[in-house]
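Heads up, the thing below is written out as structure tokens.
Since every read-out is calculated from the coordinates, none of them should be taken as a lab result. Note that the coordinates shown come from a computational prediction; the quantities given were computed from them, not determined experimentally. Cβ coordinates were reconstructed from backbone atoms using ideal geometry, including for glycine residues, and neighbour counts include every protein chain displayed.
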Amino acid sequence: MTRTPFVPDRFWFGGDYNPEQWPREVWAQDIELMQRAGVNTATIGVFSWALLEPEEGRYDLGWLDDVIELLHAGRIGVVLATPTASPPPWFTTAHPDALPVLDDGTRLWHGSRDTYCVCAPAYREASRSIARVLAARYGDHPALRAWHVHNEYGTYCWCDHVAAAFRVWLEGRYGTLDALNRAWWTTFWSQHYESWEQIVPPRATQYLHNPTQAVDFRRFFSDEMLDAYREQSTEIRAAGSSVPITTNFMLPSWNHLEQWSWSAELDVPSVDHYLDTTGPDGEAHVAYGSDLTRSWADGGPWLLMEQSMSSISTDGRIAFKDPARAVRNSLGYVARGAQSSLFFQWRASAAGSEAWHGAMVPHAGADSATFRAVCELGSVLDSIAEVVRPPADGRLTNSAIAVWWHAEGWWALENRSLPSDHLSYSDAVRSVHRAAWHAGLEVDFTRPGGDLSGYRVLLVPSMFALDDAAVRSLEEFVAAGGHLVVWPFTGIADEHLHVVTGGYPGRLRDLVGLRVEHLAPLAPDESVTLDDGSTGTVWSELVQPDTATVLRRYRGGDLDGCPAVTRVTRGAGTVTYVSTHLDLAATQTLLEEVAAGAGIEPVVADRPEHVEVIRRRGAEHDYLFVLNHGDRPAHVAGPGVDLVAGARTDDGVPVAAGGYLVVREDEGATWDVTAAG
Ligand code: GLA
């Protein structure tokens, strides 16, 4: 743990509050309902720029003063946003060069949100100004709990301002044009650059982009947006405000930030997390988003800045989220380190682009199952308030398993010039995490080349490009007795995306003890069968073991009899290589076997499949969260106290279908979790 853990006095409960959409009589009702529900935090001002600064340099903060005083009088804390995600029409009218330009040269208009170019000097100046004004006015207000800079950084632009900034960044990275030309392999297709001015962002072009240029553009943009964040946080600190500053990352569908470097600069990492399925896999998705964000927080507490209380956007529709699920999922985030349960948004808008998005107060009003669940959640978070305090070392889990995560892995596989368009980094990582989740194993994420002490198993899904430090850390991990599992298309290239020749995976050939002569990616509807009956999709390849022994072979098809899964033992360490995307059951079995070999047990052995059990470490105790995602009750017995009922659990307590239990564990407690009756 390298950061000071973020420890509020209780779980933050509430969400985005946009009172400017409503007449003042509704504000009074809002406060009354917030109090009824136990809401203690409101995020305000996220999209308020046009009302706060109706014309350049003229501020109208009176209404915001009133909102903050109302909240404060209602004992509701404020997370104050800087509104820079949505510049007002006067701004973009005055500064059309600050509107974003698509890669094909189309300049966008205002009329939505996020219509800005982060590299435009006028935008940067205006952002600093509004941050300065807000910080001066509210920076030491007693209701203020945190700053929420901007909203979901991630708007790309390909304009000339961007081109100029990209060149400066490239000069910083490469120093000389020669080095850039080498890194970008510009000998191909006559792309050699003779001057920095000839370099442009990867704008729409005739055919495929230069892949290294494309990934550099993503690296650059993440850095540039971080600079913009830094400028605002500098203004806030300069005004003397001392509360934590953060910005909200977005998961999972797009990924425009390199979260490790960003997180190092946030007082507390925070994330917006929306389920992408109405099905049971949503539960695994909650765990995935939480484990990632906790890991960006160095294994410690983090903030869930937004989720949806009552809707799931999926398949082109907005599906109703079961209120019991909303409560259970909220506890799922908390169990994995969230210090908050905050939602978008408090009251459903009556109109506007997101009128149909879920809310804590739906269109139906407070007389609704959704609002009753909001009240239940407020009361549960109150009952479990002691859980908010982390242990002295700041680490909230005992995980000995790490998964490598890096945005560059994602970006590298987004290039459309690879052997397959169907190999998705996000799918590869999620399928590994999902299998660990089904196995009930605790998992952290860690960055390539990062500190692996404390981990006994390391899982590396499809990390195409590795630099020297990353390769070295894998070698050292295995030499020290670690158990490494590598999925295909890992370690193929160096950090410039240059393939290391001589057989794949060139960066790791010795470590994995094999050589892949050719790749055989699969069509979307194609699968391969292995000799244990399991199946693989997306990928296959011709593996030729060297020091590795074969665990599984392909059966049938072009690769009939060829190795599919191999392992090499190095001292006390092992390296397992998986050459296809194994199905969920096979991946789960593999992870269970590797974990057992490393002496790692699930949080609770032999629990029913539909019951999730999570342990969150606390200041004086550990806490067991039991989430029953099924339609049958479960039964939990062990030494501890049910924090909601206030009763001991030694003789066993039921957990209703769709229900939950949060237990303060006695020291060294072990648990029986069974399907009831
Ligand atoms: C994001 C934004 C919110 C809102 C929600 C809707 O997370 O931050 O303003 O648009 O999505 O899901």
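A few comments on the model shown:
- With 0.36 nm allotted per residue and the present C-alpha distance subtracted, the SER379-ALA676 stretch has 104.3 nm of extension available.
- When the Cα atoms of segment 474-515 are aligned to their principal axes, the ranges along those axes come out at 30, 20, 15 Å in descending order.
- Dipole size of segment 251-344 about its Cα centre, with +1 on Lys/Arg Cβ and -1 on Asp/Glu Cβ: approximately 340 debye, rounded to the nearest 20.
- Were the residues from THR234 through ARG36 laid out at 0.36 nm apart, the gain over their Cα-Cα distance would be 67.5 nm.
- Other residues with beta-carbon under 14 Å from the beta-carbon of HIS422 carry, at +1 per Lys or Arg and -1 per Asp or Glu, a net charge of -4.
- Full-stretch length increase - THR187, SER368 - with 0.36 nm per residue and alpha-carbon distance subtracted: 58.7 nm
- Protection proxy ranking of 639-646, 105-112, 402-409 - average other beta-carbon atoms within 10 Å, highest first: 402-409, 639-646, 105-112
- Sorting 187-197, 628-638 by their mean Cβ neighbour count within 10 Å, with the most densely packed peptide first, gives 628-638, 187-197.
- Neighbour-count ranking [beta-carbon atoms within 10 angstrom, fewest first] of SER462, SER261: SER261, SER462
- When ASP322, ASP622, ASP367, ASP382 are arranged by Cβ crowding within 10 Å, least crowded first, meaning fewest neighbours, the order is ASP367, ASP382, ASP322, ASP622.
- Free-standing Cys, the chain [no other Cys Cβ under 4.7 Å]: CYS119, CYS159, CYS375, CYS562
- Between GLU386 and SER349, the simple label model (points 7 Å from Cα in the Cβ direction) yields a spacing of 4.3 nm.
- Proxy reagent accessibility, fewest Cβ within 10 Å first, across TYR455, TYR504: TYR455, TYR504
- Contact order relative to length of segment 293-422, as percent, for alpha carbon pairs under 8 angstrom and 6 or more apart: 25 percent
- Loop-resident sites, segment 251-294, for chymotrypsin sites (Phe, Trp or Tyr not before Pro), counting at most 16 other Cβ within 10 Å (DSSP): TRP254
- The Stokes-Einstein estimate for the chain, based on a Kirkwood radius over Cα pairs and taken at 20 °C with 1.002 mPa s viscosity, is a diffusion coefficient of 81 µm²/s.
- Segment 183-308 - Debye-derived log10 I(q)/I(0), Cα point model, q = 0.15, 0.22, 0.23 Å⁻¹: -0.85, -1.22, -1.29
- Rounded, prolate or oblate (a/c below 1.5 giving rounded, otherwise prolate when a/b exceeds b/c) for segment 519-597 by Cα gyration tensor: oblate
- Neighbourhood net charge (13 Å Cβ-Cβ; Lys/Arg +1, Asp/Glu -1) for ALA523: -4
- Across all directions, the shadow cast by the convex hull of segment 237-349 built on its C-alpha atoms averages 8.2 square nanometres.
- P(r), alpha carbons of segment 3-150 - 10 Å bins starting at zero, rounded %: 11, 38, 30, 17, 5, 0
- Summing charges over neighbours of THR314, with a neighbour being any other residue whose Cβ is under 13 Å away from its Cβ, gives -1 when K and R count +1 and D and E count -1.
- Relative contact order, percent, the chain [alpha-carbon distance under 8 Å, six or more residues apart]: 11 percent
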